[in-house]
Amino acid sequence: MTHRFFVDHQIQTDCVTLDGAEAHHMLHVMRGKVGDEVILFDGSGCEFGARVERLSRSSVELAVHQRQAVDRELPLALTLGVALPKGERQKWLIEKAVEVGVTSVVPLMTARGVAQPNGKVLERLRRQVIEASKQCGRNRLMTIADPCRLEVWTAETSSESAFLLHPSGPPLSDRCEMLGGQKAVTLCVGPEGGFTDDEVHAAEAAGWDVVGLGRRILRIETAAITAAVWFTACVSSSK
Ligand code: SAH
């Protein structure tokens, strides 16, 4: 695949300048040269054919010669509320969520959660979204919402097609048929210590459906990606 670079503003002219991390990638990782052909995307759903025109120590000028809307999004809006794991597993989760097409991740603060995402962490996660989108070809960025307390989120989010993943819940596969034609699905995955009984009851009281993924206990990131793929398959296959 032609190398992809992210432009952090809407591309509206036929001359674009890359700087910061994207220029670094082009100059020092790809060793870009004048005349190289690349693809630019700006998160608007389009991709742009462009040619390198000029290189300096920290920026790259490109001439845009083609614009095309290329849709690589899922047929549904998939929101994932998750008590983030730590370190490398957090990075893995974000990368895979982008790859499988999750629309939005909401970092949740739960009773037993450990990772409290501050501004720096969110900034890093958003950068990881860009890196993963460059690699997998998405032209819209998965959003990382500001952190939210679980009980606030479950109370305020529409409970239609909203599922809380819990090991003792009835099998998610039982819900597959009722998902036909859904345009939006919301998932909620807990911390390593699991949801407290109070948290599960509060979500149920708010109308959420509690579902399980089988007899084994999965890591946060495994549960999140498995559930995302399951629901996507259910919605797509029953259309
Ligand atoms: N000891 C905890 C396990 C937490 S695993 C407990 O018993 O709840 C971290 C999170 O991943 C869980 O809160 C849940 O949202 C999800 N998860 C892990 N395994 C799961 C399974 N088999 N079914 C549904 N959700 C699961």
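Each row is one residue, and each column tells you yes or no for (1) within 16 Å of the ligand (Cβ to nearest atom); (2) within 18 Å of the chain's Cα centre (by Cα); (3) among the β-branched types (Val, Ile, Thr).
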| position | (1), (2), (3) |
| --- | --- |
| PHE163 | yes, yes, no |
| SER168 | yes, no, no |
| SER173 | yes, no, no |
| MET178 | no, no, no |
| CYS188 | yes, yes, no |
| ASP209 | yes, no, no |
| GLY214 | yes, no, no |
| ALA224 | yes, yes, no |
| ALA228 | yes, yes, no |
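Inspect all residues belonging to the range 4-11 and state whether any of them is open to solvent by less than 20 Å² (accessible area, probe 1.4 Å), acidic (Asp, Glu), under 15 Å from ILE130 (Cα atoms) and out of contact with any His (no Cβ under 6 Å at 6 or more places or on another chain).
No: the range 4-11 contains no residue that is open to solvent by less than 20 Å² (accessible area, probe 1.4 Å), acidic (Asp, Glu), under 15 Å from ILE130 (Cα atoms) and out of contact with any His (no Cβ under 6 Å at 6 or more places or on another chain).
So which helices (runs of 4 or more DSSP H) are wholly in the range 134-239 and hold at least 1 residues that are within 14 Å of VAL105 (Cα to Cα) and either open to solvent by less than 40 Å² (accessible area, probe 1.4 Å) or not polar (S, T, N, Q) (or both)?
By residue number, 150-156, 220-237.
Condition first: open to solvent by 20 Å² or more (accessible area, probe 1.4 Å), in contact with a helix residue (DSSP H, G or I) (Cβ under 9 Å, 6 or more places away or on another chain) and either among the β-branched types (Val, Ile, Thr) or over 22 Å from GLU199 (Cα atoms) (or both). Now tell me which residues in the range 90-124 satisfy that.
LYS91, TRP92, GLU95, LYS96, GLU99, VAL100, VAL121, ARG124
Please enumerate the residues belonging to the range 49-89 that are open to solvent by less than 30 Å² (accessible area, probe 1.4 Å), of a type in the set (Gly, Ala, Ser) and either out of contact with any Ser or Thr (no Cβ under 6 Å at 6 or more places or on another chain) or without any contact (Cβ under 8 Å) to a residue 40 or more places away in the chain (or both).
GLY49, ALA50, ALA63, GLY81, listed by residue number.
The values are calculated or read from the model by the stated rules, or taken from the named source; none is laboratory data. In this text the structure is predicted, and so the values were computed from the model without any measurement. Quick reminder, even Gly has a Cβ in these numbers, built from the backbone with ideal geometry, and neighbours come from all protein chains shown. To get the accessible areas, we keep the full protein, side chains included, count just its heavy atoms, and leave off ligands, DNA and RNA. Shrake-Rupley method; radii C 1.70, N 1.55, O 1.52, S 1.80 Å.
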